[in-house]
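Q: Take this structure first; my questions come after.
Here, each number is a calculation from the coordinates, and none is a lab measurement. Keep in mind that what you see is a predicted model, and the values were worked out from it rather than measured. Because the Cβ atoms are built from the backbone with ideal geometry, glycine has one as well, and the counts that use them run over all protein chains shown.
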Amino acid sequence: MNIRLYRKIWPIRGSFTISRGSKTSAETIIVEIEKNGVIGRGECVPYARYGESIEHVAAQIQGIFPEIKCGINRQQLQPLLPAGAARNAVDCAMWDLECKLSKQTIWSQLQMSPAGLTTAYTLSLDKPHKMEEAAVANAFRPLLKLKLGGPEDLERVRAVRRGAPQATIILDANEAWDVETYNALIPELEKLEVAMIEQPFHADDDAVLEGLARPIPICADESCHDRSSLSKVIGRYDMINIKTDKTGGLTEALALKQEAQDAGLRIMVGCMLSSSLSMAPAFVVAQGVEVVDLDGPLLLSQDIEHGFEFEKNQMLPFGSELWG
């Protein structure tokens, strides 16, 4: 077994802005595990909000090179690294390698039949008139996700609703609201037919949701990483956003999906800003879920070879040339 990793910078179309700042490129780590001349690949996105950096995540992966070279399997991998970006890249590379060595697709491995999915399209945080312009340009899309996080949030949503009157709208505050803001906005957002709100409060402060009305479903993102998060999520949130970079790979993502559904939580599957290589395992998890947010490739000006194809607002099933 051989293992390699390298850093990849993907340019973004324009810029991407959330409540924590802006960026013009997405930085990822791609892991390749090789056995008998066959290569499995996985991609991850180190995320500063979770204390991750390119250097830190690369060091985590390099720290288990000896175990990988000795041929550990996915189950043996899980306790070696915490849930997060490093384990995600390795876990997904292992899945890809398993599929290629067995000459079975991921769908055969999991006994699933893939279907095309409608993904949300994200509008970056901006001035209301700019977000309205973006909404007009993307009014043909059935599902728009708005990045919020400032005093003009209500005007932003109103502007997008004007620009895309037929679209379903979901919101992502990225932990930027307080209770006063929440209580003031909710009645107005109901009038604007907002379908869901993602992570309004900081993960450390989300206990306040236990005492608040939730007429619009509230989805946990920063508050839900893997199955160990569920005990705090249940009762506060209506939905969870599963991302392989948070769960630490497809293995835990599938387990989290099942346990959350068993607990009565609704499911969203999301992504960090990255290439189609990251989207492929998430696309597997996203089969049959309520909300899909896998627009990473649509937001990049350059994607990985054999990336996802989109047709009439549908994200089409990927080929094994990409992954799995």
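Q: Check which residues have an amide H placed less than 5 Å from T118's amide H, if you skip close sequence neighbours.
A: M315
Q: In addition: Around I39, what is the net charge, scoring Lys/Arg as +1 and Asp/Glu as -1 over all other residues with Cβ under 10 Å from its Cβ? Display every interim value, and only then the final one.
A: Numbers: positive: R4, K35, R41, K100; negative: E32, E34, D96.
Once all neighbours under 10 Å are counted, the net charge is +1.
Q: Okay, next question. What ranking, highest mean first, results for peptides 21-34, 246-259, 293-306 when packing means the other Cβ atoms within 10 Å averaged over each residue? It would help to have the intermediate numbers written out before the result.
A: Working: 21-34: 17.6, 246-259: 22.1, 293-306: 19.3.
The peptides rank, most packed first, as 246-259, 293-306, 21-34.
Q: On to the next question. Which value in nm describes the separation of the simple spin-label points at V38 and Q166, placed 7 Å from the Cα toward the beta carbon?
A: 4.6 nm
Q: When the Karplus curve 6.51 cos²θ - 1.76 cosθ + 1.60 is applied with θ = phi - 60°, which whole-Hz ³J(HN,Hα) does each residue of the stretch 167-181 get, with x for Gly and Pro?
A: 6, 6, 10, 10, 10, 9, 8, 6, 6, 8, 8, 10, 5, 4, 4
Q: Ranked highest first by the average count of other Cβ atoms within 10 Å around their residues, in what order do 98-108, 161-171 fall? Mind showing how you got there, number by number?
A: Details: 98-108: 15.4, 161-171: 18.5.
Per-residue mean Cβ counts within 10 Å order the peptides as 161-171, 98-108.
Q: OK, next. Quick one: what are the phi-derived ³J(HN,Hα) couplings along the stretch 293-299, Karplus 6.51/-1.76/1.60 with θ = phi - 60°, whole Hz, x for glycine and proline?
A: Calculated HN-Hα couplings, in order: 9, 10, 8, x, x, 5, 8 Hz.
Q: Consider the candidate values (1) 15.3; (2) 19.9; (3) 16.3; state which one is mean projected area of the Cα convex hull in nm² computed from the structure displayed.
A: Only one listed value fits the structure, namely (1).
Q: In what sequence do F318, F310, F140, F16 fall when counting other Cβ within 10 Å, fewest first?
A: Working: F318 22, F310 15, F140 11, F16 19.
Ordered by Cβ neighbours within 10 Å, fewest first: F140, F310, F16, F318.
Q: ³J(HN,Hα) across the stretch 198-204 via Karplus (A = 6.51, B = -1.76, C = 1.60, θ = phi - 60°), whole Hz, x for Gly/Pro?
A: For the stretch 198-204, the Karplus-derived couplings read 9, 6, x, 10, 4, 4, 6 Hz, x marking Gly and Pro.
Q: Taking neighbour Cβ counts within 10 Å as the exposure measure, how do M196, M1 sort from fewest upward?
A: Details: M196 22, M1 14.
Fewest to most other Cβ atoms nearby, the residues stand as M1, M196.
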